[in-house]
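Structure first, commentary second.
The values are calculated or read from the model by the stated rules, or taken from the named source; none is laboratory data. Owing to the predicted nature of the structure, the values given are computational and were not obtained by experimental measurement. Note that each Cβ is placed from the backbone with ideal geometry, even for glycine, and that neighbours are counted across all protein chains shown. The protein model used for the area step is the full one, side chains on, heavy atoms only, and it has no ligands, DNA or RNA in it. Shrake-Rupley method; radii C 1.70, N 1.55, O 1.52, S 1.80 Å.
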Amino acid sequence: MKTVMVVDDSPTILMSMEAILMRAGYGVVKADSGEAALRVLHGGGRPNLVITDLNMHAMNGIDLVRSLRQLPQTRFTPILMLTTESSLDKRQEARSAGATGWIVKPVQPDDLIAVVKQMVPGA
Amino acid sequence: MLALLSRLFRRRPAPLVEEDQGAKVALADLAPQTANVSAQDDADTHAGPQGEIIALTPRDSRFHRIHPHTMALVEEMQSYAGFVEIMQHHLSNVCTETQDAAENILGQALEIEGSVTGLVRHVGDTMQSDALLDATETLRVSVDTGRTVIADLIRQHHATQSEIRESLTTVRALSLKMRGHLGEIEDIRRYTDLLAINARIRIAGLGKNTGLEVIAEEIRALATQTGGLAQNLNVELNEMDRLVGDDLMARVSTQKRSDDARAQELQDSFEKLSRHMALLNDFQAALIAEVHRRSDAMRAPLNTLCGSIQFQDVARQQLEQVSRALSMISDHFVSLSNAIINEGAPPDSSIATCLSSILENYVMEQQRAAHRGEAAATAPKIELF
């Protein structure tokens, strides 16, 4: 089963993302912060896709993207930013950090799954 | 409320009235009703000629005058911090409650979905379970076997009936044949009788004691005996014809009609059983299809709910922005009040600066647009780099 890691400090977003992705046939690993996500990855996790929030309390999403690009197991893993942030500057910053795409909350489940399937086909 | 405001107010360090490097007099100690007599540490305060608050510093003897009305306004401005704190507390409660509600709604919805999915799986598993499939197959085979057996029995019954009728017909044909033989026997009797008569006539011509009378008498007796036998046979044949023709054939025909009717009923029952079994199979398939269809139909609104529930996170972030803005305004009021107390220059940040800072910190396009009083621009919601 293909696995998607969702990183967000909002329990509501984590719950809804888990429900949407699992219904589409993906396995889901949740992390409520960038640090928690890195702990999972250091513990051997190898997600097929990472979806991360941008504005989180300690490590922000862009810093997490930079960290993920340093790890061998996520160097080429697609990373989607899922955020309420809509500024073009931030998008550009995320792109430079190594993010693969940008999704503005709230997102319709069908739209999200369409993008996820594009990134991780064959769930 | 006043107690709460007072409590919240105390959370912030009381702004101090500072005079150069001199003594410090707590603002709380400078309330108009107590200012005339208050003093702290090595500083001294007393009321001026017009009732103004005077804070004296012992080292350079400089003092600072604040009119009681101004002091009241300063206190009013300082109390905004408590007011803001209460509002922030409310906002925090709204965030927490909507967070709990959103989690609860989503959790319940997913639980319902889980139950329905479990039910669908159970129905599907049961309908397609080996036991049910075996039972259905066994029933179908039994019905087919029953139909075949009934058809064979009916066929055999018809064959037996036909054989019986053929046998009875043969018996009647034999009876007719025997009647023919009886006719021949009667002819022989008549001929024998004639022979006996002729014999007696010839004997009469030869005279008595020829010994031929005995032979003639024997021939006549033979003719009489043959006639009696033929008559008996005729009576018995008539009885046999009656039994075979009227009774047995009638009974066989009646039994055949009755058996045919029962066989038809049995056959009809098996046909109905077979049709109902087919109907049950159709209902079963339709039920499974309907359960799956409704399960799929339920997924669509649940999926929408999963998307819509994200409103809580969006609303939370907007409320956090409002809370930050309130803090900024509160701090601004504190800066203004401190400037008044210290008779210093206005604070560096104006309310316009605050607004500008708030605008820069927005993360949503609709917030920026609402701040500027404009319509939100339509940036792509999904962008792949």
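For the reader, a short list of remarks on this structure follows.
- The protein assembly as shown: antiparallel DSSP beta bridges as a percent of all, rounded to 5: 45 percent
- Share, in percent, of DSSP beta bridges within the stretch A:3-119 that are antiparallel, nearest 5: 0 percent
- Separation between Cα centres of the stretch B:256-328 and the stretch A:50-123, rounded to whole Å: 37 Å
- Think of each Lys and Arg Cβ as +1 and each Asp and Glu Cβ as -1; about the Cα centre, that makes the dipole of the stretch B:246-385 roughly 240 debye.
- Per residue, the convex hull spanned by the Cα atoms of the stretch B:117-205 measures out at 70 cubic angstrom.
- Taking only alpha carbon atoms, the stretch B:270-315 gives an Rg to Rh ratio of 1.50, where Rh is the Kirkwood radius.
- Within the shell defined by Cβ-Cβ distances under 11 Å, the residues around B:Gln231 carry a net charge of -1, with Lys and Arg each +1 and Asp and Glu each -1.
- Solvent exposure of B:His90, expressed as accessible area, is near 90 Å², computed with a probe of 1.4 Å over the protein chains only.
- Shielded by partner chains, the stretch B:61-102 residues - at least 20 Å² of accessible area, 1.4 Å probe, vs chain alone: B:Gln99
- Farthest positive-ward along the protein assembly as shown dipole, Cα basis, beta-carbon charges - from A:Trp102, B:Leu302, B:His332: B:Leu302
- The stretch A:3-119, dipole about Cα centre (Lys/Arg Cβ +1, Asp/Glu Cβ -1), debye to the nearest 20: 440 debye
- Mean separation of Cα contacts under 8 Å (6+ apart) over length of the stretch B:128-297, as relative contact order %: 36 percent
- The alpha-carbon of A:Lys30 sits under 25 angstrom from the alpha-carbons of these lysines, leaving out residues fewer than 8 places away in its chain: A:Lys2, A:Lys90, A:Lys105, A:Lys117, B:Lys381.
- Value of Rg/Rh across the stretch B:128-297 [Cα atoms, Kirkwood radius]: 1.56
- Burial here means at least 30 square angstrom less accessible surface with every protein chain in place than with the chain by itself, probed at 1.4 Å; in the stretch B:361-382 the buried residues are B:Val363, B:Arg368, B:Lys381, B:Ile382.
- Global geometry of the protein assembly as shown, whether rounded, prolate or oblate, following the gyration tensor of its Cα atoms and the 1.5 cut on a/c: prolate
- Environment charge of B:Glu113, counting only residues whose C-beta is closer than 13 Å and scoring Lys/Arg +1, Asp/Glu -1: +1
- For the stretch A:3-119, radius of gyration divided by Kirkwood radius, i.e. Rg to Rh on alpha-carbons: 0.92
- All-pairs alpha carbon distance profile, the stretch B:256-370, 10 Å steps from 0, percent: 11, 18, 13, 11, 9, 8, 7, 7, 6, 5, 3, 2, 1
- The charge dipole of the protein assembly as shown, taken about its Cα centre with unit charges on the Cβ of Lys, Arg, Asp and Glu (plus for the first two, minus for the last two), comes to roughly 2180 debye.
- Between B:Glu374 and B:Ala352, the FRET efficiency estimated from the beta carbon spacing at R0 = 22 angstrom works out to 0.75.
- Rounded to the nearest 10 Å², the accessible area of B:Tyr80 at probe 1.4 Å: 80 Å²
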